[in-house]
Structure formats: structure tokens, C-alpha cells
Amino acid sequence: MPTEQEKLSNPESHLVEAGFTDNAPTYTPPKVDPSLERKLLSKVDLRVMPALWFLFLVSFVDRGNLGNAKIEGLERSLGMTGNDYNVAVQVFTVSYVVFGLPANIVFKRYGPKVLSIMMFAWGLCTLGQGVTKSFAGLVTCRLLMGICEAGFVPGCAYLIGAYYKKNEYLRRYSVFFSASMAAGAFNGLFANLLSRMHGVGGYEGWRWIFIIEALITLVVSVASVFLIVPFPEDCTFLNPKEKKLLLDRLAEDGGNARDDRIELKRVLQMAMDWKIWLAVVGYIGSEETASSIVAFQPTILNQLGWTSSQAQIHTIPIYAVAFVVNLTCAILSDRTSKRYVFILFGTICAIVGWSIQLAQVPLPRVRYMGMFFVAAGSYLMMCNIVVWLAINLGKGLKRTVGLGTLISFGNCGAFVSSNVFISSQAPRYPVGFGVGLAMCSMGGLAVTALFIGMLLENRRRDRRQGKATEAGTGTVRRYSKQELEQMQGLGEEHPDFRYQL
């Protein structure tokens with residue numbers, strides 16, 4: 001094993017130890033015809049993105065319909081009192097956090113088709129919420145639903161990242177993530193229509209919200225078996241020439257490392273990465289805000305003076321604006337290869353929005369405007385943090401572990417939101433709004449620390465590489481094709497890897 005001093009003088013010593021030598025012929029990646037690359041990307045976009053977008057839309061509708069059912073009579077019907085609703089929101093988060101990383105490893109091991117199984121299972125849980133006769137039944141269904149949904153979003157994030165290069169990833173993930181905003185807008189209107197089925201078949205209106213949406217989920221889950229793409233190495237929707245071009249692009253960008261071995265010791269070591277946990281803290285801050293919007297926004301708008309139907313409809317413009325802001329920033333971020341500045345912008349937006357709510361501005365339209373800032377800022381933070389971490393972890397098992405840890409533990413923010421909007425404090429909610437402001441601020445500090453840490457590490461690597469070049473021939477080391485393939489699994493440990501800021 002080389003000593004730390006040897007590594008400092010030769011940052012590639014661990015590669016030599018692994019069997020990399022200078023004897024093999026050098027490898028130059030083939031040049032890609034831009035027109036062929038554009039055609040390939042268009043074909044991949046049409047095959048990968050619409051299916052995952054629609055599945056996430058269904059997922060988020062099922063996750064957020066509890067808030068819509070609440071203002072349509074859920075609590076009264078099930079005899080819920082005090083903070084029972086908060087408990088129902090919270091138990092979903094408990095199971096989602098606990099099972100997030102294991103579920104994502106299952107996805108990595110058995111492939112994308114397990115997403116269909118997850119969806120079918122949570123569809124049954126959604127149906128159970130519509131027919132339950134007790135609060136205990138509601139809590140049980142929410143707990144099981146969290147288990148079934150735990151691996152879905154990180155699995156989709158991994159699958160999208162497997163098909164695209166770093167500077168193409170964010171805008172695609174932003175399009176995918178926009179399904180959550182579309183679900184928020186659509187869910188209010190759809191829930192309002194479904195609630196009018198009150199009395200049909202002897203069921204109350206809020207029950208029909210769960211029942212109809214569950215039936216949609218079950219049907220979509222069966223169809224998704226044929227819609228979800230496999231990993232790039234196994235894709236069949238491309239002809240051999242297109243598939244080779246796709247895999248060449250991915251290899252040039254750091255490889256896919258599909259066959260990275262899965263061992264508990266490696267998983268635990270990877271999960272200890274400081275970058276992952278700073279990103280988790282940042283995600284917690286944004287998730288607390290986003291989950292507050294999903295679970296409590298209809299109630300907040302209702303208590304500003306609108307009827308339940310008007311409150312449902314008034315959520316639509318909020319999500320629409322969040323979508324436009326998120327996608328615009330994603331395009332700019334990919335083009336400039338800048339990540340932190342856009343996350344910081346989202347943080348500032350959310351802080352402004354929560355400050356308006358906390359100040360209790362008497363005009364409802366001003367409070368309503370504040371919700372636009374809260375939603376746009378939180379979704380911008382969440383989406384960018386996921387991609388920022390993913391592209392800075394390389395590919396393979398490390399990315400699987402990173403995304404699973406980030407999204408599952410990051411959802412601890414929902415623990416907070418489910419306990420700070422206290423029924424007795426309605427409609428002012430000083431604790432809820434104040435905690436939202438504090439959590440966004442905490443998230444902003446965490447991503448700033450992550451930015452500084454990666455910036456310093458980049459500078460350290462630049463200095464080491466400069467020393468190695470000085471001590472050597474003054475030429476840049478070139479690797480053989482075999483070595484490049486072997487180094488794909490190194491991810492950010494590759495000596496030439498630099499964190500994208």
C-alpha cells in the first residue's frame with residue numbers, strides 16, 4: 001500500500017497498485033457526429049422520460065391526496081381529533097426513511113421493472129385508505145404505503161442518470177420532477193371533482209378521492225411493465241449502432257458501472273461520505289417546506305377565506321409557476337455547469353415566502369403570493385440538490401447509495417412539517433411558518449458548506465496533479481481503453497475527477 005506521502009507525490013499510485021500501467025496502448029474516445037448524437041438523445045428522451053414522468057405524477061397524486069381528503073371531511077368521518085392528521089402524515093415518512101436505502105439497493109440489484117411492483121403495492125394501500133373505517137386503518141395504510149414508495153424516486157433518479165451525461169442530467173430530472181408540481185396542480189382540481197361523488201355507492205366524497213386514484217394507479221402499474229426501460233446495457237429500443245453510440249457517450253462521461261459489486265461493507269463505507277450527509281441536511285431543509293405545501297397548503301388557503309373548492313383550485317397556479325421556474329433554472333444550470341448558485345436562489349425564494357407568512361400580512365392576496373415563493377424555492381432546491389450530489393458521486397453503486405440515502409433520510413424534513421402545523425394555532429400557524437423559515441435557512445447553510453468543501457477539494461487535486469506533472473515528464477497521463485473501463489467504478493476517486501460546483 002502506498003503511504004500518504006507517496007500518494008501526495010504521485011496521486012495515481014493507487015491506480016498503479018490496482019494494476020494500471022503505462023505499457024498498454026493509449027485510447028482516444030471516438031469522435032461523435034453531433035447530428036447523430038441529437039437524434040439519439042431525441043429517441044432516448046421520448047422513450048425514457050414520458051413514462052417515468054407519468055409514473056411519478058401518479059405517485060405524487062397518491063402521496064398528496066391525504067391533504068385534499070382532509071378538507072373534504074376525512075377527519076370528521078374517522079373521528080380524528082387533535083393532531084391525529086399530523087400522525088397520519090408522519091407515519092408515511094417513518095417507513096419512507098427507514099426503507100429508502102434498502103429499496104434502492106433492491107432496485108439496483110433486480111433492475112427497473114421492480115418499480116412496477118412497488119407501484120402496484122402502493123396502489124393497494126391507497127385503495128385501503130378509501131375504504132378504511134377507522135383512524136388505525138388509515139395509519140396502517142399510510143405506513144405500508146411509505147414502504148412501497150421508498151425506492152421509487154431514487155430509483156427513477158438513478159435510471160435517468162444512467163442514460164445521460166452530466167450536463168444533460170439536470171434538465172431531464174427537472175422535467176421528471178415537474179410531475180410532482182403537475183400532480184399538486186392536478187390533484188386539487190381532480191380531488192374537487194371526485195369529492196362531488198359524495199353519496200355514490202354509499203361512499204363519502206373524500207373516500208372516492210382515494211378509491212378512483214387507487215384504481216388509476218393499479219392500472220398504470222400493470223401497463224408500466226411494458227413502458228419502463230431497462231438499464232442502458234440491456235436496452236432494446238435502440239438499434240445496435242445507436243446503442244453503441246449511447247454506451248460510448250456514457251463511457252466518455254465516466255461509465256455506468258452497472259456491475260459494481262454489492263456488499264454490505266462497501267455500502268456502509270460509501271454511505272459515510274461527507275458530501276452525502278451535507279446534501280441530506282440541505283434536502284431536509286427543502287423537503288420540510290415541500291411536504292408542508294403538499295400536506296397543508298389546501299388547509300392554509302382554505303383558512304385565508306376561500307371555500308374548500310376554491311382552495312383546491314387556487315393551488316394550481318402555485319404549482320404551475322414552480323414548474324416554469326424549476327425548468328428554466330435547470331436549463332440555465334446545465335448550460336453553465338453551475339449548480340450551487342441556483343440552489344441558493346431557491347433557498348432565498350423560500351425564505352422570502354415563509355417570511356411573508358410569518359409576518360401575518362393581513363391581505364390574503366399577499367399571503368397567497370408568498371406561497372408562490374415558498375413552492376418555487378423549495379422545489380428548485382430539492383431538484384438541484386439531487387442532481388448535484390449524483391453527478392459528484394460518479395456512477396454505479398456509489399450513486400445508488402448516495403441517492404437512496406439522500407432521498408430517504410432527506411425526507412426526515414417531513415417529520416418536522418407533520419408536527420409543526422398545530423391545529424390549535426390555525427390560521428396563524430406561527431410555529432409552522434417559523435420552523436419552515438428556519439429549516440430553509442439551515443438547508444442553505446448546508447449546501448454552502450458542501451460547495452466550499454468541494455471547491456477546496458478541487459483546488460487540492462489541482463495542486464497534487466500539478467506536482468505530479470512537475471515531477472514527471474510534463475505530459476498528461478493517458479490511459480488505455482482497458483484501464484478506462486476498470487476506472488469507471490472509481491467515480492470521484494479518479495485522479496482527473498473534479499467536482500462540479
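Just so you know, all these numbers are worked out from the coordinates, no wet-lab data involved. Note that the structure is predicted; figures quoted are calculated from it, not measured. Methodologically, a virtual Cβ is constructed for each residue, glycine included, from the backbone with ideal geometry; neighbour enumeration extends over all protein chains shown.
Looking at the stretch 119-173, which trypsin sites (Lys or Arg not before Pro) are in a loop (DSSP not H, G, I, E or B) and have at most 10 other Cβ atoms within 10 Å? The partial results should precede the final answer.
Details: sites: K133, R142, K165, K166, R171, R172; in loops: K133, K165.
Filter output for the stretch 119-173: K133.
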Quiz item: Taking a quarter of the surface of the Cα convex hull of the chain, what do you get in nm²?
Solution: 23.7
Quiz prompt | Whole-angstrom Cα spans of the stretch 353-461 along principal axes, big to small | solution = 53, 26, 18
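In a shell of Cβ-Cβ distance under 11 Å around E204, excluding E204 itself, what net charge do Lys and Arg (+1) and Asp and Glu (-1) give?
On the way: positive: R76, R207; negative: E72.
Result for the local shell: +1.
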Quiz item: Any idea how far apart R463 and V431 come out in nm if each label point goes 7 Å out from Cα toward Cβ?
Solution: 4.8
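By the scheme Lys and Arg +1, Asp and Glu -1, what is the net charge of all other residues having a beta-carbon under 10 Å from that of V416? Numbers along the way, then the final one.
Details: positive: none; negative: E287, E288.
That works out to -2.
Sorting R249, R109, R63 on the 10 Å Cβ count, fewest up front, what's the list? The partial results should precede the final answer.
Details: R249 19, R109 10, R63 25.
Ordered by Cβ neighbours within 10 Å, fewest first: R109, R249, R63.
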Quiz item: Given 4 °C and 1.567 mPa s, how large is the Stokes-Einstein diffusion coefficient of the stretch 114-236 in µm²/s, with Rh as the Kirkwood radius over Cα pairs?
Solution: 80
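Dividing the alpha-carbon radius of gyration of the stretch 272-324 by 2.2 N^0.38 Å (N being the number of residues), what value is obtained?
Values: Rg = 15.3 Å, N = 53, 2.2 N^0.38 = 9.9 Å.
Dividing the Cα radius of gyration by 2.2 N^0.38 Å gives 1.54.
Can you list which of the trypsin sites (Lys or Arg not before Pro) found in the stretch 260-367 are DSSP loop residues with at most 15 other C-beta atoms within 10 Å?
On the way: sites: R261, K265, R266, K275, R335, K338, R339, R365, R367; in loops: R261, K338, R339.
Within the stretch 260-367, the qualifying trypsin sites (Lys or Arg not before Pro) (loop, at most 15 other Cβ atoms within 10 Å) are R261, K338.
Fewest Cβ neighbours within 10 Å first, please rank D33, D273 accordingly. Kindly include the intermediate steps, with their values, before the conclusion.
Values: D33 11, D273 18.
Taking fewest neighbouring Cβ atoms as first place, the list is D33, D273.
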Practice problem: Jot down the radius of gyration and Dmax of the stretch 60-127, Cα atoms only, both in angstrom. | Solution: 14.9, 44
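Please compute the length gained on full extension between L46 and T81, using 0.36 nm multiplied by the number of residues separating them and subtracting their Cα-Cα distance.
Working: separation 35, 0.36 × 35 = 12.60 nm, distance 4.76 nm.
Separation in residues times 0.36 nm, less the Cα-Cα distance, equals 7.8 nm.
Restricting everything to alpha-carbon atoms, can you work out Rg to Rh for the stretch 294-370 with a Kirkwood hydrodynamic radius? Mind showing how you got there, number by number?
Working: Rg = 14.8 Å, Rh = 14.0 Å.
For the stretch 294-370, the value is 1.06.
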Practice problem: On each of the three principal axes of the Cα atoms of the stretch 197-343, give max minus min coordinate, whole Å, ordered largest first. | Solution: 57, 39, 36
Quiz item: Quick one: M272, M118, M442, fewest Cβ neighbours within 10 Å first, how do they rank?
Solution: M272, M442, M118
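With Cβ to Cβ distances under 10 Å as the rule, what net charge do the other residues near Q360 carry (K, R +1; D, E -1)? Could the numbers behind the result be given before it?
Values: positive: R367, R428; negative: none.
Net charge in that neighbourhood comes out at +2.
Past 27 Å, Cα to Cα, is the threshold; run K241/K265; K113/K275; K241/K395; K243/K265; K43/K113; K113/K244 against it and keep the listed order.
Numbers: K241/K265 39 Å; K113/K275 30 Å; K241/K395 23 Å; K243/K265 34 Å; K43/K113 20 Å; K113/K244 23 Å.
Pairs exceeding 27 Å: K241/K265; K113/K275; K243/K265.
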Quiz prompt | Estimated Rh, the stretch 116-173: Kirkwood, alpha-carbon pairs, angstrom | solution = 13.1
Quiz item: Taking only C-alpha pairs under 8 Å that are 6+ residues apart, what is the relative contact order of the chain in percent?
Solution: 24
Quiz prompt | the stretch 375-439, Rg to Rh (Cα coordinates; Rh as Kirkwood inverse mean 1/r) | solution = 1.13
Exercise. Would you calculate, for the chain, the mean residue ellipticity at 222 nm contributed by helices, counting each DSSP H stretch of 4 or more residues as -39,500 (n - 2.57) and dividing by all residues, to the nearest 500?
Key: -25500 deg cm²/dmol
